[in-house]
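Trainee: The structure's right below; bear with me while I get my questions together.
Read-outs throughout are calculated quantities, based only on the coordinates presented, and are distinct from any laboratory measurement. Here the structure is a predicted model, which is why all the values come from computation and not from measurement. Using ideal geometry, Cβ is built from the backbone for each residue, glycine included, and neighbour counts are taken over all protein chains shown.
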Amino acid sequence: MLATLKKTKFISIFTAQKRVEYKAFNFLGLQILRYLLSKIIYLISSFFFNDKKVLQNYDKDGYLLINNFLDKNEYNKLKEEFEIIIKTKSRNIYDTSNDLHKKANSSINHLVYEFQNNPDIEFKFPTVHKFYSNIKINELFKNAERKKNIHLYMRLERIKTIDKFKNDQNSKWHTDSFHDTHKGWLYLTDVKKENGPFNYIVGSNKFSFRRMIWEYSNSIQSFLDKSLSWGFLNDKLSDKYECGTKKIEVTCKENSFLIANTHGYHRRGDAELNQIRDGFAFYTRENPFKKF
């Protein structure tokens, strides 16, 4: 049994797991190897999947915004079904309880419904069901992931600020993983500074030696200090990026679609009291070593 456990942990090196659970491996620099190898595989795959027409400037900037994404009729039907689902089927993932993570995010109500691809949803909410299979979105993610076969997740989200303390964890600068990974949002409300727009460090998705060293340091620090969550930047780096010239706040009109490489540094903007942001969120959880 012990041998099986060790084998499982060793094999986890070649997974999407954010870090390897062996402390010694992280001290020896294994995270650097995982970072480098994932970048090499992504670069090789780019020769086959990088459609410049679909993802123009995406590799360079790390994000792409498309305005007027859906035709007006489909968009209006989607909004109607969204409203019904959010009011009848969603759950508040930050509802306060004994869970410290939820208490740490108590400044917002984050209503979420994880899309279920089943006959009941297809019958009651046909526009939402069809939207999950949207060809344009699927092509964007296939090209972003550099994979022909991906598993795409979709969820409906309503984010409302309910107090002035701004303790939303996602409003801190962070990265989702050590490898290239992608998220997208179709916004159903105008995105303004007041309701917490997506903040991004332009180009932070690209390879850099500074990022490589940060990956090493972060993999160790998250072991040494259990109060630290993997992927969050310290105050010094956060202040630097917050005031830097490469920071962008993605504001846009409703019916805009944003796709971003969340391997890059990003955060949710600080929203003002009683502000609401609605949308459909898409994301993948692909193994960067799948081909390898």
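Trainee: Residue by residue, what Karplus-based ³J(HN,Hα) values in Hz, rounded to whole numbers, does the range 251-267 have, using 6.51, -1.76 and 1.60 with θ = phi - 60° and x for Gly and Pro?
Mentor: After applying 6.51 cos²θ - 1.76 cosθ + 1.60, I find 9, 6, 7, 4, 6, 9, 10, 10, 10, 9, 7, 7, 5, x, 6, 7, 6 Hz.
Trainee: What is the range 210-292 by shape, rounded, prolate or oblate, if you read a ≥ b ≥ c off the alpha carbon gyration tensor as root eigenvalues and call it rounded for a/c under 1.5, prolate for a/b larger than b/c, and oblate otherwise?
Mentor: Since a/c reaches 1.5 but b/c is at least a/b, the shape of the range 210-292 is classed as oblate.
Trainee: Taking amide H positions as placed 1.01 Å from N in the peptide plane, with prolines and chain starts having none, which residues 5 or more places from H182, or on another chain, fall under 5 Å of its amide H?
Mentor: So H182 has HN proximity to T262, T284.
Trainee: Could you work out which residue, out of A260, A16, A24, moves most in a Gaussian network model of the chain, that is, has the largest mean-square fluctuation with Cα springs under 10 Å?
Mentor: Answer for the Gaussian network model of the chain: A24.
Trainee: Please give the length that would be gained between L224 and V54 if that part of the chain were fully extended, namely 0.36 nm times their separation in residues minus their C-alpha to C-alpha distance (nm, one decimal).
Mentor: That works out to 56.9 nm of additional length.
Trainee: Going by the alpha-carbon gyration tensor, a ≥ b ≥ c the square roots of its eigenvalues, is the range 23-284 rounded (a/c under 1.5) or, if a/c is not under 1.5, prolate (a/b greater than b/c) versus oblate?
Mentor: It comes out oblate by the Cα gyration axes.
Trainee: Which of the peptides 180-187, 193-200 is most tightly packed, and how do the rest follow, judged by the mean count of other Cβ atoms within 10 Å per residue?
Mentor: With the highest mean Cβ count within 10 Å placed first, the list reads 180-187, 193-200.
Trainee: Considering only T245, Y94, L156, whose Cα is most displaced toward the positive end of the charge dipole of the chain, charges sitting on Cβ of Lys, Arg (+1) and Asp, Glu (-1)?
Mentor: The residue sitting farthest along the positive end of the dipole is T245.
Trainee: Mind checking the dipole of the chain: about its Cα centre, +1 per Lys or Arg Cβ, -1 per Asp or Glu Cβ, Debye to the nearest 20?
Mentor: 940
Trainee: Which of the three applies to the range 121-164, rounded, prolate or oblate, going by the alpha-carbon gyration tensor with a ≥ b ≥ c and a/c under 1.5 meaning rounded?
Mentor: The shape class here is oblate.
Trainee: Among S171, S45, S204, which one moves the most in a GNM of the chain with springs linking Cα atoms closer than 10 Å?
Mentor: Result for the chain, Cα springs under 10 Å: S45 fluctuates most.
Trainee: Also, I was wondering about something else. With point charges of +1 on the Cβ of Lys and Arg and -1 on the Cβ of Asp and Glu, referenced to the Cα centre of the chain, which listed residue (V128, S217, T181) lies farthest in the positive direction of the dipole?
Mentor: S217
Trainee: Take the alpha carbon atoms of the range 126-146, find their center, do the same for the range 221-266, and report the distance between the two centers in whole angstrom.
Mentor: That distance is 25 Å.
Trainee: Run lengths n ≥ 4 of DSSP H only: what is the helix-derived mean residue ellipticity at 222 nm for the chain, with -39500 (n - 2.57) per run over all residues, to the nearest 500?
Mentor: -11000 deg cm²/dmol
Trainee: Let me ask something else. Sticking with the crude label model, points 7 Å out along Cα→Cβ, report the distance from Q17 to L33 in nm, one decimal please.
Mentor: In this crude label model, Q17 to L33 measures out at 1.4 nm.
Trainee: For the chain, set up a Gaussian network in which alpha carbons nearer than 10 Å are linked by springs, and say which option among N261, N149, N170 fluctuates the most.
Mentor: Highest fluctuation of the listed residues: N149.
Trainee: Distance from a point 7 Å along Cα→Cβ of R155 to each backbone N in the range 110-149: keep the residues under 15 Å and list them by number.
Mentor: The answer is 110-117, whose backbone nitrogens lie closer than 15 Å to the label point.
Trainee: So which of K166/K253; K193/K290; K23/K240 end up more than 27 Å apart by C-alpha?
Mentor: K193/K290; K23/K240
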